[in-house]
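The values are calculated or read from the model by the stated rules, or taken from the named source; none is laboratory data. Because the structure is a prediction, the values reported are computed rather than measured. We place every Cβ from the backbone using ideal geometry, glycine too, and count neighbours over all the protein chains shown.
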Amino acid sequence: MVNIVHKFGGSSLSSAERYQAVANIILAHTEAGDCVVVSAAGKTTNTLVKLWQSYQQSDQQAVSDILLQLDNHQRTLIEQLLSPTARYAALNMLEQELALIAQQAQQQSLQEAALLAHGEVWSARLLATYLQQLGLAANDVDARQLFTLNDGQLLHQKNQQACAQLISANSINVVTGFIAADCQANTVTLGRNGSDYSATLLGSYCNAQQVSIWTDTQGVFSTDPRKVKKAIKYSKVCRGQANLLARLGNPVLHAKTLSPLKNTDIKLVVRSSYETEASATEIVKEGYSKAKRFITTLENIDLLRIDQLRGGEIGELSQLIQHSLHHFIENGDTYLLVPASATHQVVSHLQGRANIIESNLHGCAVVAPSNDVAQLFEQATQVLTEQSLTPRFSHQDADYILLLTDQSIDSDVLTLLHDKLINKGQELAIIVAGLGNVGEVFIEQLSQQLNRLQHHFSVKLVGLLRSRAMLFSPSGIALEQWQSQWQNEAIDYQQDDLLTRISELDYEHKVVIDITASEAFSELYPAFVNLDCHLISANKYAGTANNDWYQSLRRNLAERNLLWRYNTSVGAGLPINFALADLQNSGDSITHIEGVFSGTLSWLCSSYDGSVPFSDLVLQAQQMGYTEPDPREDLSGRDMQRKLLILARELGLTLELDDIALTPLMPEQLAQGDWQSFLDNKQLLDDFIAEKAADAAKDNKVLRYTGALTIAEGKVTAKVGLAYATQGDALANLTPGDNIFVINSQWYSDNALVIQGPGAGKEVTAAGVHSDLYWLIQNLK
Ligand SMILES: Nc1ncnc2c1ncn2[C@@H]1O[C@H](COP(=O)(O)OP(=O)(O)O)[C@@H](O)[C@H]1O
Ligand SMILES: N[C@@H](CC(=O)OP(=O)(O)O)C(=O)O
């Protein structure tokens with residue numbers, strides 16, 4: 001039984017390495033009986049089209065040059081992929097086929113469709129042989145045996161039977177995309193880009209559960225992600241909008257792709273063969289996802305007005321020119337957008353009923369929810385006019401607009417259009433993990449913040465997580481009643497449940513706000529990034545994880561245009577990360593950061609004057625809830641070590657935690673054993689501190705526990721431990737409990753820049769998380 005039909009386009013088969021990557025995907029994602037539909041490798045079909053054109057122009061020289069080019073390309077792939085025996089047979093076959101093409105060209109008997117079909121035949125044969133070489137049961141299937149058309153109409157019953165007979169249940173079926181046969185067994189093609197259609201056809205004939213279109217982008221975006229960096233990947237797109245985009249010439253899906261799926265439950269996904277871990281776009285039935293906004297560009301098209309267009313004629317024309325066609329009605333007249341290269345064919349086919357209104361135009365179409373269309377029409381026209389691209393022709397339809405211009409829409413203009421048109425009306429889904437003191441205050445503050453944020457974005461809280469239970473409501477949790485909703489609806493969850501819920505969210509943007517102190521939760525960050533979530537962390541673990549993991553997370557975030565804020569992981573709400581980023585962005589270079597980054601240690605050191613034993617202060621702090629449950633966690637200095645590492649990485653340094661020297665604020669013996677043994681030996685701590693304080697006092701200094709990072713002549717030193725602060729200095733004057741950051745830089749060399757204030761506390765920390773959220777939203781706009 002066919003479970004999944006996979007389709008790999010030319011972009012996924014552009015080199016031997018890509019074939020290998022595709023084989024790995026097949027190894028991981030297919031079972032015996034599944035189908036793999038392939039297109040011609042890279043741009044082979046374009047080359048074959050050029051060959052056909054040269055043949056028609058009787059340009060013998062060009063024909064042989066192109067044949068040589070094809071030979072080289074295929075030969076390289078075969079030589080790089082196949083073992084000597086298989087290689088010999090494959091090269092032999094290729095040689096014979098190319099010789100036949102050359103002979104037919106000479107004898108003037110070349111057939112266009114049969115010529116173009118070679119690209120797909122070569123891909124299927126090579127991939128199947130390569131898979132066999134890897135030990136997989138695989139066979140290549142020529143789709144001309146599967147799909148028959150009569151007068152352009154598919155013979156469904158016959159095709160279904162052919163699929164039942166020829167698709168093997170015991171091996172991987174590598175099927176040629178793009179091609180079919182007519183009743184006389186002549187080759188016909190399904191139109192440029194038509195392998196997507198082959199895949200869904202096969203899926204419907206074989207009753208598959210899913211069709212996966214693997215391509216070179218991660219799914220369907222708001223616009224071409226190669227042209228606009230901030231293009232948004234949509235997790236769900238309705239069939240209607242996908243179809244419209246395809247008809248408007250967008251290459252990500254072929255225009256007929258969706259038709260075989262009508263009245264079926266076959267799932268259709270578009271995903272990346274380059275980044276297999278990345279989340280995909282699912283093309284869902286109408287009503288299963290909200291309508292989105294898209295911009296697609298058009299190049300080199302002519303606008304034709306057609307008199308008396310007959311039913312089915314568009315299908316015939318697109319079959320004739322091998323290209324999708326879009327038509328619309330404006331003021332009662334029917335217009336057709338035709339690739340300029342095919343206008344001649346269309347005009348002659350329509351025998352006097354086609355009038356060329358405008359030629360060689362470019363432009364764009366904006367697909368959008370119908371309520372937005374009128375407003376978008378005005379905005380798009382304005383942007384284009386401001387860019388001196390006043391539309392030559394425009395059309396406003398129920399669910400899209402069309403603007404045709406003289407010059408093409410380059411990346412810069414497309415980015416402008418995208419900024420102005422697409423980034424409005426978007427929604428941000430918030431998932432908050434950690435509902436302790438800070439988490440609860442964050443949610444309380446969120447209801448007030450929401451009004452302010454709504455001016456920029458529609459923001460919804462959709463998920464709340466504790467370590468074992470979660471409340472998930474894709475349409476939004478009512479902030480005023482979250483606690484009662486939690487009581488009634490929170491459910492136990494495993495990691496996979498959480499990831500599935502996030503993957504199903506139908507929002508343009510998602511952010512996971514981690515207010516936990518859990519290392520295990522931070523380990524999920526790469527999975528969140530694969531699901532296109534932005535991150536906000538108060539949690540310090542990800543920022544201080546080993547450098548390889550950390551750098552790979554950063555890379556993945558950057559590749560997906562995702563943002564990560566973690567200001568509250570150091571100094572709670574104090575704007576230390578902002579300040580460091582700002583200084584560096586303005587050209588300054590930081591030479592030294594020193595300070596107290598722990599509210600607990602700040603309170604202990606600043607409160608100590610020798611009148612009360614230090615251990616009493618520790619117990620007092622514990623009772624007031626200032627310390628970790630076991631205060632030795634604070635006294636160990638590890639928390640400050642982590643914070644200093646986060647600051648160091650903020651400066652672009654690639655330190656590891658162990659590169660920061662650490663001396664705890666207690667004698668070594670006290671770190672061992674349970675809490676009772678600490679209490680039994682607390683005198684050791686008191687003696688240790690008293691001795692250090694006396695030592696400091698000799699020079700009129702006081703005890704502080706500090707972190708310090710120095711960059712001098714390219715050398716970095718970092719340490720956390722006891723320091724003696726000179727009376728009157730900022731560090732010595734610290735209000736108990738406050739954090740302080742003393743920053744020296746090129747510009748702040750003699751007189752340091754000092755940031756000081758409460759470095760802990762639920763209100764300020766929650767407010768700091770809000771500041772990160774606000775920053776995120778500003779940057780998404
Ligand atoms: N909205 C969009 N979303 C995704 N890709 C798009 C979009 N608009 C244009 N593209 C382009 O479509 C290309 C994928 O189509 P195509 O090259 O035909 O793939 P394949 O060879 O896999 O069939 C991408 O490389 C991308 O540049
Ligand atoms: N090879 C054909 C069919 C196709 O679908 O290709 P791709 O999957 O690379 O868009 C073409 O280039 O039109």
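Does at least one position in the range 57-71 carry a residue that is within 16 Å of ligand 2 (Cβ to nearest atom), touching a residue at least 24 places away in the same chain (Cβ under 8 Å), assigned to a helix (DSSP H, G or I) and closer than 30 Å to Asp265 by Cβ? For the range 57-71, residues within 16 Å of ligand 2 (Cβ to nearest atom), touching a residue at least 24 places away in the same chain (Cβ under 8 Å), assigned to a helix (DSSP H, G or I) and closer than 30 Å to Asp265 by Cβ: absent. If the condition is being more than 13 Å from ligand 1 (Cβ to nearest atom) and modelled with pLDDT of 95 or more, then the range 1-14 contributes Ile4, Val5.
Scanning for something assigned by TED's automatic domain parsing to the domain that holds Ile401, part of a strand (DSSP E or B) and either within 16 Å of ligand 1 (Cβ to nearest atom) or among the aromatic types (Phe, Trp, Tyr) (or both), does the range 348-355 turn up at least one residue? Don't jump to the end; show me each part of the working.
In the first step, residues of the range 348-355 are kept if they are assigned by TED's automatic domain parsing to the domain that holds Ile401; the result is 348-355.
Within this subset, residues satisfying the condition of being part of a strand (DSSP E or B) are 354-355.
Pick out the ones that are also either within 16 Å of ligand 1 (Cβ to nearest atom) or among the aromatic types (Phe, Trp, Tyr) (or both) and you get none.
For the range 348-355, residues assigned by TED's automatic domain parsing to the domain that holds Ile401, part of a strand (DSSP E or B) and either within 16 Å of ligand 1 (Cβ to nearest atom) or among the aromatic types (Phe, Trp, Tyr) (or both): absent.
With the condition kept exactly as written, say whether any residue in the range 281-300 is farther than 27 Å from Leu201 by Cβ, without any contact (Cβ under 8 Å) to a residue 60 or more places away in the chain, in contact with a strand residue (DSSP E or B) (Cβ under 6 Å, 6 or more places away or on another chain) and not β-branched (Val, Ile, Thr). No - not one qualifying residue is present in the range 281-300.
Yes/no per residue for (1) under 22 Å from Gln426 (Cα atoms); (2) among the hydrophobic types (A, V, I, L, M, F, W, C); (3) out of contact with any helix residue (DSSP H, G or I) (no Cβ under 9 Å at 6 or more places or on another chain); (4) more than 10 Å from ligand 1 (Cβ to nearest atom):
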residue	(1), (2), (3), (4)
Thr223	yes, no, no, no
Val228	yes, yes, no, no
Gln241	yes, no, yes, yes
Arg247	no, no, yes, yes
Ala255	no, yes, no, yes
Pro260	no, no, no, yes
Val284	yes, yes, no, yes
Lys290	yes, no, yes, yes
Leu303	no, yes, yes, yes
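Yes/no matrix, rows are residues, columns are (1) surrounded by 15 or more Cβ atoms within 10 Å (Cβ to Cβ); (2) outside the structural domain of Gly543 (by TED's automatic domain parsing); (3) in contact (Cβ under 8 Å) with a residue 24 or more places away in the chain:
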position	(1), (2), (3)
Glu668	no, yes, no
Ala696	yes, yes, yes
Asn700	no, yes, yes
Tyr705	yes, yes, yes
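It is to be established whether one or more residues within the range 388-408 are more than 30 Å from Gly332 (Cβ to Cβ) and not in a loop (DSSP other than H, G, I, E, B). No - not one qualifying residue is present in the range 388-408.
Out of Asp609, Asp582, Asp634, one residue alone is buried (at least 19 other Cβ atoms within 10 Å of the Cβ) and without any contact (Cβ under 8 Å) to a residue 60 or more places away in the chain. It is Asp634. For Ala718, the test of being outside the structural domain of Lys692 (by TED's automatic domain parsing) and buried (at least 18 other Cβ atoms within 10 Å of the Cβ) is failed.
All of (1) within 29 Å of Glu275 (Cβ to Cβ); (2) assigned to a strand (DSSP E or B); (3) in the same structural domain as Pro667 (by TED's automatic domain parsing) hold for Gly595 with one exception: (1).
Of the strands (runs of 3 or more DSSP E) lying entirely inside the range 698-781, those carrying at least 3 residues that are aliphatic (A, V, I, L, M) and out of contact with any Phe, Trp or Tyr (no Cβ under 7 Å at 6 or more places or on another chain) are 701-712, 715-726, 738-745.
If you filter the range 25-51 down to residues that are within 14 Å of ligand 2 (Cβ to nearest atom) and among the hydroxyl-bearing types (Ser, Thr, Tyr), you find that the one that is surrounded by the fewest Cβ atoms within 10 Å (Cβ to Cβ) is Thr47.
Taking the condition of being within 16 Å of ligand 2 (Cβ to nearest atom) and either surrounded by fewer than 20 Cβ atoms within 10 Å (Cβ to Cβ) or assigned to a strand (DSSP E or B) (or both), how many residues in the range 1-24 meet it? Residues flagged as within 16 Å of ligand 2 (Cβ to nearest atom) and either surrounded by fewer than 20 Cβ atoms within 10 Å (Cβ to Cβ) or assigned to a strand (DSSP E or B) (or both) within the range 1-24 amount to 8.
Yes or no: the range 249-263 includes at least one residue that is part of a loop (DSSP other than H, G, I, E, B), more than 16 Å from ligand 2 (Cβ to nearest atom), on the phi < 0 side of the Ramachandran plot and in contact (Cβ under 8 Å) with a residue 12 or more places away in the chain.
Quick first cut of the range 249-263, residues part of a loop (DSSP other than H, G, I, E, B) only: 249-258, 262-263.
Of the ones still in play, those that are also more than 16 Å from ligand 2 (Cβ to nearest atom) are 262-263.
Filter once more, so that each one left must be on the phi < 0 side of the Ramachandran plot: 262.
Those still in the list that are in contact (Cβ under 8 Å) with a residue 12 or more places away in the chain too: none.
No, the range 249-263 has no match at all.
If only residues of the range 744-776 that are β-branched (Val, Ile, Thr) and crowded, with 22+ Cβ neighbours inside 10 Å are counted, the one that is modelled with the lowest pLDDT is Thr765.
Considering only residues in the range 425-449 that are in a loop (DSSP other than H, G, I, E, B) and within 20 Å of Pro474 (Cα to Cα), the one that is nearest to the chain's Cα centre (by Cα) turns out to be Gln426.
Conditions tested, residue by residue: (1) closer than 30 Å to Ser475 by Cβ; (2) within 18 Å of the chain's Cα centre (by Cα); (3) crowded, with 19+ Cβ neighbours inside 10 Å.
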position: Ala242; (1), (2), (3): yes, no, yes
position: Leu245; (1), (2), (3): yes, no, yes
position: Leu253; (1), (2), (3): yes, no, yes
position: Lys262; (1), (2), (3): yes, no, no
position: Thr276; (1), (2), (3): no, yes, no
position: Tyr288; (1), (2), (3): yes, no, no
position: Leu298; (1), (2), (3): no, no, yes
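Exactly one residue among Asp140, Asp151 is surrounded by fewer than 17 Cβ atoms within 10 Å (Cβ to Cβ) and either farther than 23 Å from Thr30 by Cα or away from ligand 1 (no atom under 16 Å from the Cβ) (or both), and that residue is Asp151.
Could you list all residues from the range 161-193 that are farther than 19 Å from Arg125 by Cα and within 16 Å of ligand 1 (Cβ to nearest atom)? Result: Leu190, Gly191, Arg192, Asn193.
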